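Have a look at the structure below, then the notes.
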Ligand SMILES: [Zn+2]
């Protein structure tokens with residue numbers, strides 16, 4: 001199965017709000033499988049469809065890389081219906097080169113979504129999974145974790161990235177260590 005190309009900030013597809021999926025069919029299943037392979041290969045704990053240039057509300061996650069596949073989630077039209085508490089996590093992103101930052105999120109979330117088998121499911125999450133779900137759903141809304149840090153930090157990062165691109169070094173830089 002072909003790995004998909006991961007789009008990097010400032011690619012405009014990352015800024016778009018993704019469209020809800022209205023039809024779960026074989027073509028969609030193929031895209032989801034390619035997203036799963038791309039996520040494991042990266043490696044990352046999560047991947048949203050806009051990160052591979054597909055502006056659709058689909059995310060895949062696996063926070064348990066010790067046992068790949070056992071806790072793999074493939075979620076279509078995911079929606080957070082309840083959120084509580086606060087947690088600060090050092091986040092990175094497969095689409096943000098060479099950068100991590102602390103981001104404040106809800107500590108616990110209750111989520112509803114559809115599976116590729118056309119089942120509607122409910123999921124409770126905390127810790128890394130809660131963080132990753134919120135991070136991925138942000139991608140579906142055209143938002144990156146760097147939109148959730150202070151303006152000064154964001155501007156400094158943009159300058160650093162512009163310098164890397166200008167020097168032709170952006171390509172050789174890996175996405176940050178904690179990749180969601
Ligand atoms: Zn991300």
Check: Which of the residues that make up segment 17-32 are surrounded by 14 or more Cβ atoms within 10 Å (Cβ to Cβ) and farther than 22 Å from residue 130 by Cα?
Finding: 21, 24, 28, 31
Margin query: Return the residues of segment 43-58 that are within 12 Å of the ligand (Cβ to nearest atom) and either outside any strand (DSSP E or B) or at pLDDT below 95 (or both); say none if nothing qualifies.
Written below: 44, 45, 49, 50, 51, 52
Next item on the list: Please tell me if residue 112 is modelled with pLDDT under 95 and either surrounded by 15 or more Cβ atoms within 10 Å (Cβ to Cβ) or not in a helix (DSSP H, G or I) (or both).
Entry: no
Notebook entry, point to check: Which residues, taken from segment 59-78, are assigned to a strand (DSSP E or B) and either on the phi > 0 side of the Ramachandran plot or without any contact (Cβ under 8 Å) to a residue 40 or more places away in the chain (or both)?
Noted result: 60, 77
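Quick test for you: out of 4, 94, pick the one residue that is buried (at least 20 other Cβ atoms within 10 Å of the Cβ), under 30 Å from residue 163 (Cβ atoms) and in contact with a helix residue (DSSP H, G or I) (Cβ under 7 Å, 6 or more places away or on another chain).
94
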Check: Of everything in segment 59-78 that's away from the ligand (no atom under 16 Å from the Cβ) and surrounded by 14 or more Cβ atoms within 10 Å (Cβ to Cβ), which residue is modelled with the lowest pLDDT?
Finding: 64
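Among the listed residues 128, 123, 164, 133, identify the single one that is away from the ligand (no atom under 13 Å from the Cβ), under 26 Å from residue 59 (Cα atoms), in contact (Cβ under 8 Å) with a residue 40 or more places away in the chain and in a helix (DSSP H, G or I).
128
The values are calculated or read from the model by the stated rules, or taken from the named source; none is laboratory data. Please read these numbers as outputs of a predicted model, since none were measured by experiment. Cβ: placed from backbone, ideal geometry, glycine included. Neighbour counts: every protein chain shown.
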